[in-house]
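Okay, so here's the structure we're looking at.
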Amino acid sequence: MSQDTLSQVLRSIRLRGAVFYHVEGNDRWVSESPPARAIAALIMPGIEHVMAYHVLTQGSCWTMVVGQAPVQLQAGDVVMFPHGDRHVISSEPGLRGVVDMRPYGLPHPEQLPFFASQRGAALSMSRLDPASDRHGATLVCGFFGCDAHPFNPLLASLPQLLHVPAGQADDDDWIAHFIRFALSESTLKRPGGEALLERLSETMFVALVRRYLDDLPEGPPTWLAGLNDRHVGRALSLLHARPAEAWTIDRLADHVGLSRSSLHERFARFTGHAPMHYLAKWRMQVAAGLLRHSSAPIASIALEVGYESESAFSRAFRREVGQPPAAWRRQRARLGAGAA
């Protein structure tokens, strides 16, 4: 049930993947990347939220969110920065680089991924010690994009730095496939390679989140942790699968097998929302997808997400999103045309 809920959210937030760089770093080197929001419009036009990721295909290196403790990476490891934080990849812990925004804004006529080394400007990689090559590393670097609004419950559940070590689960097969194809496409540039890497990277994102969910660390309750909870996971599954139903807290509690007060407390502790407030937010996310991808009348969309009248739906949508649904649809159509 909870895995179905995760799939529904991943489909709804329009996950998109891209691979931009195949990078080699030798000697003492450092790459400091800007916050993703500073380059989002350049690398993924029209995408609300951008997350950088790096796959270490050979060697070892270190990474960190600026201001936090460094983490060591070994070959086959993947690191992702779900909140788009400024971060560093380097041959040694604690090194800092200089962010260079120019590569992100330049036109790139060649097929992805671009090859870069520490001698080039790409990713602001800096050669610090030309006398040694003991710090060699090879990485495939790219970005994930998704919607953050009206409602993306997954993002808040992910850490600032998500490190998935190599060789610990069956999902590593996807990562191994991705590494093999990315390294091949960076040199052969075969037709369809970009599309293949996009799909593989999206699949890898799902594998990373599932690995994180399977090995969820102890800590504050989150939406992802709620998927693993017997009662909250069941409630989330019902709300996501049947958002148009006339749910009440009492009816949901009956299905879940808890008292009204126990469900309210437990659900809010994991998700940060009361069950009916969560349902209202999820309905708006579903409605946003229908507004974006269909030409259905507003009244039809209102019924599909559980509102008996267009006016009630419009008020709820405006309260959550800040615009009436018709205006939001027109704005998204313009943004989509501009991105294309």
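Can you confirm whether V78 is surrounded by 23 or more Cβ atoms within 10 Å (Cβ to Cβ), at pLDDT below 90 and in the same structural domain as P150 (by the TED database)?
no
Given the conditions (1) farther than 21 Å from R199 by Cα; (2) free of Cβ contacts under 8 Å to residues at least 24 places away in the same chain, which single one is not true for R11?
Failing condition for R11: (1).
Could you check how many residues of the stretch 44-63 are open to solvent by less than 20 Å² (accessible area, probe 1.4 Å) and either among the β-branched types (V, I, T) or not in a loop (DSSP other than H, G, I, E, B) (or both)?
Of the residues in the stretch 44-63, 9 are open to solvent by less than 20 Å² (accessible area, probe 1.4 Å) and either among the β-branched types (V, I, T) or not in a loop (DSSP other than H, G, I, E, B) (or both).
If we scan the stretch 15-24, do we find a residue that is at pLDDT below 90, of a type in the set (D, E), under 30 Å from L227 (Cα atoms) and outside any loop (DSSP other than H, G, I, E, B)?
Checked the stretch 15-24: no residue is at pLDDT below 90, of a type in the set (D, E), under 30 Å from L227 (Cα atoms) and outside any loop (DSSP other than H, G, I, E, B).
Any idea how many residues of the stretch 298-319 are closer than 18 Å to T248 by Cα and among the β-branched types (V, I, T)?
Within the stretch 298-319, residues that are closer than 18 Å to T248 by Cα and among the β-branched types (V, I, T) number 1.
Which condition does A137 not pass, out of (1) within 27 Å of D85 (Cβ to Cβ); (2) over 18 Å from the mean Cα position of the chain (by Cα); (3) open to solvent by 20 Å² or more (accessible area, probe 1.4 Å), if it passes all the others?
For A137, the exception is condition (3).
Go through the residues of the stretch 292-303 one by one and say whether even a single one is under 21 Å from R11 (Cα atoms), in contact (Cβ under 8 Å) with a residue 60 or more places away in the chain, of a type outside the set (D, E) and surrounded by fewer than 17 Cβ atoms within 10 Å (Cβ to Cβ).
Within the stretch 292-303 (the criterion being under 21 Å from R11 (Cα atoms), in contact (Cβ under 8 Å) with a residue 60 or more places away in the chain, of a type outside the set (D, E) and surrounded by fewer than 17 Cβ atoms within 10 Å (Cβ to Cβ)), the answer is no, since none of the residues qualifies.
Which condition number does A268 fail, the rest of (1) farther than 23 Å from R315 by Cβ; (2) in contact with a Gly (Cβ under 6 Å, 6 or more places away or on another chain); (3) of a type in the set (G, A, S) being met?
(2)
Can I13 be described as crowded, with 19+ Cβ neighbours inside 10 Å and under 15 Å from the mean Cα position of the chain (by Cα)?
Considered against the rule, which asks whether it is crowded, with 19+ Cβ neighbours inside 10 Å and under 15 Å from the mean Cα position of the chain (by Cα), I13 comes out as yes.
So that you can scan it fast, the table gives a plain yes or no per residue for (1) of a type outside the set (G, A, S); (2) touching a Pro at 6+ places or on another chain (Cβ under 9 Å); (3) surrounded by fewer than 21 Cβ atoms within 10 Å (Cβ to Cβ); (4) farther than 30 Å from E185 by Cβ:
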{"position": "F205", "(1), (2), (3), (4)": "yes, no, no, no"}
{"position": "R234", "(1), (2), (3), (4)": "yes, no, yes, yes"}
{"position": "F267", "(1), (2), (3), (4)": "yes, yes, no, yes"}
{"position": "T271", "(1), (2), (3), (4)": "yes, yes, no, yes"}
{"position": "L290", "(1), (2), (3), (4)": "yes, no, yes, yes"}
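Just give me the residues in the stretch 144-173 being open to solvent by 30 Å² or more (accessible area, probe 1.4 Å) and small (G, A, S), in sequence order.
Passing the criteria: A156, A166, G167, A169.
Residue check: is S186 in contact with a Ser or Thr (Cβ under 8 Å, 6 or more places away or on another chain) and open to solvent by less than 20 Å² (accessible area, probe 1.4 Å)?
Against the criterion (in contact with a Ser or Thr (Cβ under 8 Å, 6 or more places away or on another chain) and open to solvent by less than 20 Å² (accessible area, probe 1.4 Å)), S186 does not qualify.
Does any residue in the stretch 310-335 that is more than 19 Å from G46 (Cβ to Cβ) come within less than 7 Å, Cβ to Cβ, of a residue that is open to solvent by 50 Å² or more (accessible area, probe 1.4 Å) and part of a helix (DSSP H, G or I) six or more places away or on a different chain, and which pairs are these?
These pairs meet every condition: P324/R318.
Take R16 and tell me if it is over 30 Å from P150 (Cβ atoms), among the basic types (K, R) and in the same structural domain as E194 (by the TED database).
no
What number of residues in the stretch 304-335 are in contact with a Pro (Cβ under 7 Å, 6 or more places away or on another chain) and open to solvent by 20 Å² or more (accessible area, probe 1.4 Å)?
The qualifying residues number 5.
Residues being in contact (Cβ under 8 Å) with a residue 60 or more places away in the chain, under 18 Å from G97 (Cα atoms) and outside any strand (DSSP E or B): count how many of those fall in the stretch 64-82.
Selection size over the stretch 64-82: 1.
With (1) in a helix (DSSP H, G or I); (2) under 14 Å from P150 (Cα atoms) as the list, and Q323 as the residue in question, which single condition is left unmet?
Unmet for Q323, out of (1) in a helix (DSSP H, G or I); (2) under 14 Å from P150 (Cα atoms): (1).
Kindly list the number of the only condition in (1) over 19 Å from the mean Cα position of the chain (by Cα); (2) open to solvent by less than 50 Å² (accessible area, probe 1.4 Å); (3) not hydrophobic (A, V, I, L, M, F, W, C) that fails for R211.
(1)
Inside the stretch 199-252, can you point out the residues that are closer than 30 Å to V55 by Cβ, part of a helix (DSSP H, G or I) and among the aliphatic types (A, V, I, L, M)?
Across the stretch 199-252, the qualifying residues are L200, M204, V206, A207, L208, V209, L213, L224, A225, L227.
Would you call A176 surrounded by fewer than 18 Cβ atoms within 10 Å (Cβ to Cβ) and closer than 30 Å to A288 by Cβ?
Spelling it out, it is not the case that A176 is surrounded by fewer than 18 Cβ atoms within 10 Å (Cβ to Cβ) and closer than 30 Å to A288 by Cβ.
The values are calculated or read from the model by the stated rules, or taken from the named source; none is laboratory data. All values derive from a computational prediction rather than experimental measurement. Here Cβ is always computed from backbone atoms with ideal geometry, including for glycine, and neighbour counts include all displayed protein chains. To get the accessible areas, we keep the full protein, side chains included, count just its heavy atoms, and leave off ligands, DNA and RNA. Shrake-Rupley method; radii C 1.70, N 1.55, O 1.52, S 1.80 Å.
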